[in-house]
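For reference, the structure discussed in these notes is given below.
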Amino acid sequence: MTQTPKPKLKKPASPQPSSRDNLVANNYSKPYQFVSFPRERPNLGKPAGHDKFDKNRLHGTLFLRLHVQTPLHVSTGIVAPGSDVESRVALIKTMTQGTEKQLLIQGSSLKGCIRSVYEAITRSCLCKTKADIQRIPDGYKECKINIKRNRIFVCDACRIFGALDWQGLIEFNDAKCESIGFNTGFMPSLHRPHPEVRNIYLNSEGEVKGRKFYYHTISAIDKGQNQGIAVQQATKAYTFTTQLQFKNLKPEELGTLLVVLGQDSKYPIALKIGGGKPIGMGTMTVEITQAKVLQNIQDWKQRYCKYTPKNDNLLAAETLKLFIQTQIQTAHSSQLIQSEQLQQLTQILRYPTDREPPEGKY
Ligand SMILES: [Zn+2]
């Protein structure tokens, strides 16, 4: 049987467009955009640490419900026979599942996604990047701690999320799907990123342009059983619940985290998680259902002095709304949030959106 293989790259129609035209066309069709670095370098400071609960800081738990908006696949890296997971396809890329076979999103995946947004809107280092170290702008290299020499100064994000050899102030539990089972999706094969393509990733000085984020789209591309790679996924209307524990956070740090979680109506952003980001997958919105906040030391005394402590610290409905808005306002009036970067990021991560998933090459 002879079949002409489909050409992978669309050749531009002749005459050859100028390189500038190319760039414009690329920018238009790219499923991502960059958030520039703030004008000032990362803001280094000593993290709060874990040795005590600072009475001027906030400690507690946020209870989150994550609403899947476009198909979500967080890969385990394992391809299994479909029969292993009760799927009718021959082979399937798996997601983590809990004991009752509900899908799970690992806390570390959530943390990574939330961290990258927090980094982008604060004065933070460029962490876990694949970029050539020579191309990273001055002062933006990943924070390093030297405990022996007592050099413990890290950027805004590293103080909260942790750095190498330094535990952060927030922890994420695995997010559990509220329903049992999964959906089978069929992803197209995606092209790898091309960091060597200079004009896409680097500015005119040859330095990394900024931080890359993928746009949300109204839906994701699914190639169907004959052309796609089968993946275990959660689709629209699936919900996950999880908890985020925090301690020793300044109000503006918690406020910034709440902005990242899309709780500021002026900056309606959604998370983008897992595989298939270029083809519209992985959009999730966050609902904070409750919060437990220990705001002063009296709360702690009460907590440890009684067998049945009262749950006075539980915030829900109106008290929760007020608490969230207060922290967000504090964040905006502090130096922590970089408003220019937040504006740029909102352009990319705004949700809902009317953007269509990309056509052609992914
Ligand atoms: Zn850092």
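Computed quantities for the displayed model
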{"read-out": "Filter pass, LYS250 being more than 30 Å from GLU359 (Cβ to Cβ), open to solvent by 40 Å² or more (accessible area, probe 1.4 Å) and without any contact (Cβ under 8 Å) to a residue 24 or more places away in the chain", "value": "no"}
{"read-out": "Count of residues meeting criterion [more than 16 Å from the ligand (Cβ to nearest atom), touching a helix residue (DSSP H, G or I) at 6+ places or on another chain (Cβ under 7 Å) and closer than 27 Å to SER339 by Cα] in region 36-61", "value": "2"}
{"read-out": "Meets criteria (within 16 Å of the ligand (Cβ to nearest atom) and either under 30 Å from LEU91 (Cα atoms) or surrounded by 13 or more Cβ atoms within 10 Å (Cβ to Cβ) (or both)) for ILE136", "value": "yes"}
{"read-out": "Which listed residue is surrounded by 21 or more Cβ atoms within 10 Å (Cβ to Cβ) and either modelled with pLDDT of 95 or more or of a type outside the set (S, T, N, Q) (or both), from GLU40, GLU119", "value": "GLU119"}
{"read-out": "Filter result (farther than 17 Å from ARG355 by Cβ and open to solvent by less than 40 Å² (accessible area, probe 1.4 Å)) within region 214-233", "value": "GLY224, GLY228, ALA230, VAL231, GLN232, GLN233"}
{"read-out": "Evaluation of GLY112 against (1) over 17 Å from LEU271 (Cα atoms); (2) within 15 Å of the ligand (Cβ to nearest atom); (3) surrounded by fewer than 17 Cβ atoms within 10 Å (Cβ to Cβ) (one fails), failing number", "value": "(1)"}
{"read-out": "Residue ID - modelled with the highest pLDDT, chosen from residues in region 186-213 that are open to solvent by 50 Å² or more (accessible area, probe 1.4 Å) and outside any loop (DSSP other than H, G, I, E, B)", "value": "LYS212"}
{"read-out": "Selected residue (criterion: nearest to the chain's Cα centre (by Cα)) from residues of region 234-244 that are open to solvent by less than 60 Å² (accessible area, probe 1.4 Å) and aliphatic (A, V, I, L, M)", "value": "LEU244"}
{"read-out": "Residue within region 147-161 that is without any contact (Cβ under 8 Å) to a residue 40 or more places away in the chain, at positive phi and more than 21 Å from the chain's Cα centre (by Cα) present", "value": "yes"}
{"read-out": "Number of positions in region 146-185 that are within 14 Å of the ligand (Cβ to nearest atom), part of a loop (DSSP other than H, G, I, E, B) and either open to solvent by 50 Å² or more (accessible area, probe 1.4 Å) or under 15 Å from PRO42 (Cα atoms) (or both)", "value": "5"}
{"read-out": "Check on VAL117, more than 10 Å from the ligand (Cβ to nearest atom) and either hydroxyl-bearing (Ser, Thr, Tyr) or closer than 24 Å to LEU261 by Cα (or both)", "value": "yes"}
{"read-out": "Where LEU64 falls short, out of the listed (1) under 30 Å from PRO42 (Cβ atoms); (2) away from the ligand (no atom under 16 Å from the Cβ); (3) at pLDDT below 95", "value": "(3)"}
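The values are calculated or read from the model by the stated rules, or taken from the named source; none is laboratory data. Keep in mind the model is a prediction, meaning the values are calculated, not measured. Please note: Cβ atoms are built from the backbone with ideal geometry, for glycine as well, and neighbour counts cover all protein chains shown. Quick note on the areas: whole protein, heavy atoms, side chains included, nothing else; ligands and nucleic acids left out. Shrake-Rupley method; radii C 1.70, N 1.55, O 1.52, S 1.80 Å.
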